[in-house]
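Encoded as structure tokens, the structure appears first; notes follow it.
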Amino acid sequence: MNTPGQVQLTYQGGAFPVAQAGVFVGDWVTGLAGMLSAAIQAKFAYGAGGTSAQLYIQTSLDQGATPIDIASLPFATAAVTAAINLSALTPQTAAKTPQQQALASGTCVDGLLGDRLRAVLVVTGTYSGSTALNVTANLR
Amino acid sequence: MIDPSAQAFTAAGIERSGVVVTFQRVSGFAPNTFIFSADLKAIVSMDRDDGQEVGQTGYGSRKPGAITQDSRDVIVMASALSAARFPLPLRKHDRVILALTGEKFSIIHVNPYKRALAGAIELTIVGVS
């Protein structure tokens with residue numbers, strides 16, 4: 001990988017503001033060809049209200065045409081920091097069907113890392129009190 | 001379109017004459033704010049009142065040629081920001097911190113077009129307390 005290091009998976013250039021219900025699709029971080037592993041951290045800063053927020057980490061193997069869920073992290077009504085590590089070298093010999101915002105909660109799909117990453121947040125309920133979610137990754 | 005020779009010349013100039021600065025993007029709302037930083041080199045030019053000459057009065061800040069005391073012009077390579085994975089484009093109120101002195105500045109103007117041929121971005125920053 002040409003430029004390993006820290007990256008922020010942003011929503012419109014910054015952290016995800018968690019407020020009203022809906023699906024919030026983050027920005028693709030591109031230029032990650034050759035990525036061998038991704039250590040991803042999601043920090044949920046809870047304010048008030050809300051019901052749940054499901055974070056999906058996605059990659060793509062066709063330059064963004066088909067997003068693929070590779071991690072699904074649940075958040076609710078408390079401040080939580082969750083970290084995972086995914087490797088591109090894990091064999092995946094059973095064919096996987098790409099999913100978008102459908103991966104089972106709390107699970108990951110290892111071994112599928114393309115040339116880009118993004119985060120998608122599905123919010124249920126209405127959060128307030130400056131609730132936000134910051135997703136960062138260390139790519140190697 | 002970026003001219004490769006202009007890009008190389010500008011990058012060499014920044015490498016030679018630039019100083020290490022930290023770009024920061026602050027997102028979220030207090031108390032839940034997040035900061036993403038990137039350290040790289042940039043040329044920082046200082047327009048500072050020398051305190052000796054009498055300032056010209058009656059010259060409105062909006063007239064061409066007016067400069068704001070304590071403002072700086074910064075030239076940074078877009079490729080350097082991209083390589084540092086800083087979320088582009090740069091925005092007003094992004095922070096710039098001079099590594100040498102620790103001075104903190106806020107971006108008030110981004111001009112990606114003036115030096116687009118060289119792949120560089122010119123910023124105007126002002127100090128913040």
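Observations on the structure shown:
- Whichever residue in the range A:117-135 is within 14 Å of chain B (Cβ to nearest Cβ) and surrounded by fewer than 20 Cβ atoms within 10 Å (Cβ to Cβ) and, among such residues, is nearest to A:Ala21 (Cα to Cα): A:Ser128
- In the range A:9-30, the residues that are within 17 Å of A:Ala137 (Cα to Cα) reach residues that are surrounded by fewer than 17 Cβ atoms within 10 Å (Cβ to Cβ) and not charged (D, E, K, R) with C-beta atoms within less than 6 angstrom, at least six apart or across chains, in these pairs: A:Trp28/A:Gly64.
- Residue that is surrounded by the most Cβ atoms within 10 Å (Cβ to Cβ), among those in the range B:15-39 that are of a type in the set (Val, Ile, Thr) and in contact with a Leu (Cβ under 9 Å, 6 or more places away or on another chain): B:Val21
- Strands (runs of 3 or more DSSP E) contained in the range B:83-129 and holding at least 2 residues within 25 Å of A:Asp27 (Cβ to Cβ) and touching a helix residue (DSSP H, G or I) at 6+ places or on another chain (Cβ under 7 Å): B:120-127
- Selected residue (criterion: farthest from the other protein chains (Cβ to nearest Cβ)) from residues of the range A:1-26 that are farther than 16 Å from B:Ser27 by Cα and part of a loop (DSSP other than H, G, I, E, B): A:Ala21
- Taken together, the criteria exclude A:Ala42 from residues that are within 20 Å of B:Ile35 (Cβ to Cβ), away from chain B (no Cβ under 14 Å), modelled with pLDDT of 95 or more and surrounded by 15 or more Cβ atoms within 10 Å (Cβ to Cβ).
- Test: residue in the range A:54-73 that is touching a residue at least 24 places away in the same chain (Cβ under 8 Å), within 14 Å of another protein chain (Cβ to nearest Cβ) and within 28 Å of B:Asn32 (Cβ to Cβ): no
- Positions within the range A:73-99 being farther than 16 Å from A:Val135 by Cα, aliphatic (A, V, I, L, M) and in contact with a Phe, Trp or Tyr (Cβ under 7 Å, 6 or more places away or on another chain), in sequence order: A:Ala78
- Number of residues in the range B:86-119 that are under 20 Å from B:Ile2 (Cβ atoms) and within 11 Å of chain A (Cβ to nearest Cβ): the value is 4.
The values are calculated or read from the model by the stated rules, or taken from the named source; none is laboratory data. Model, not experiment: these values are computed from the prediction. Backbone-built Cβ (ideal geometry, glycine too); neighbour counts: all protein chains shown.
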